[in-house]
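**Q** So that we are looking at the same thing, I have put the structure below in structure tokens.
The values are calculated or read from the model by the stated rules, or taken from the named source; none is laboratory data. Nothing here was measured: the structure is a model prediction, and the numbers come from that model. Positions of Cβ are generated from backbone atoms using ideal geometry, with glycine treated the same way; all protein chains shown enter the neighbour counts.
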Amino acid sequence: MDKSDPSTISKTITKKELAERIADRTGHKRAVVRDILQEVLEEIVRELALGHRIEFRDFGVFEIKARAARTAQNPRTLERVVVPERRSVRFKPGKKLRVDVESDRASSITEPKLGTPPKDPTDIGERAKQDGRAGRDSNGKAT
């Protein structure tokens, strides 16, 4: 990326902007989408903190990598310092993500075909009916 060319400087997209885009596409309220997005992110953090691997097919994998304890040297004083073991998050992009990014296909990715949102975004059964999918009651029977 050539930083002197203003057309190649990447734009930062915030969680708020993502929530607004999703809300606009789905017809759900921004606050509801923002809360769901926040829950997804918090769940990812919880699972990673437990040492679990998170895989989003075609998108990528988040995993924890342990870095062993080591001895380093302070460059100013040349004093030896023990650096403790630590864990860090690693993200490995999936094949489709790599291909889409490398081929600059972001502009050609189609918008998701979502049904109309339910009258009450918390009513999953209503959404299923609108999308033509049968819902299930608490006993597992089709509604």
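**Q** Considering each residue of segment 8-37, count those that are over 17 Å from the mean Cα position of the chain (by Cα) and either in contact (Cβ under 8 Å) with a residue 24 or more places away in the chain or part of a helix (DSSP H, G or I) (or both), and give that number.
**A** Residues meeting the conditions: 9.
**Q** For segment 50-79, how many residues are aliphatic (A, V, I, L, M) and surrounded by 11 or more Cβ atoms within 10 Å (Cβ to Cβ)?
**A** Residues flagged as aliphatic (A, V, I, L, M) and surrounded by 11 or more Cβ atoms within 10 Å (Cβ to Cβ) within segment 50-79 amount to 3.
**Q** For segment 17-45, how many residues are surrounded by 11 or more Cβ atoms within 10 Å (Cβ to Cβ) and either touching a helix residue (DSSP H, G or I) at 6+ places or on another chain (Cβ under 6 Å) or not aliphatic (A, V, I, L, M) (or both)?
**A** So the answer is 19.
**Q** Considering every residue within segment 52-59, establish whether at least one is in a loop (DSSP other than H, G, I, E, B), basic (Lys, Arg) and modelled with pLDDT of 90 or more.
**A** Checked against the condition, which is being in a loop (DSSP other than H, G, I, E, B), basic (Lys, Arg) and modelled with pLDDT of 90 or more, segment 52-59 yields at least one hit.
**Q** Could you check residue 32 against (1) at pLDDT 95 or above; (2) closer than 23 Å to residue 91 by Cβ and say which number it fails?
**A** (2)
**Q** Then there is this: Starting from segment 53-65, keep only residues that are without any contact (Cβ under 8 Å) to a residue 60 or more places away in the chain and on the phi < 0 side of the Ramachandran plot, then list their pairs with residues that are small (Gly, Ala, Ser) and part of a strand (DSSP E or B) whose Cβ atoms are within a distance under 7 Å, requiring at least 6 positions of separation or different chains.
**A** Close Cβ pairs satisfying both conditions: 65/88.
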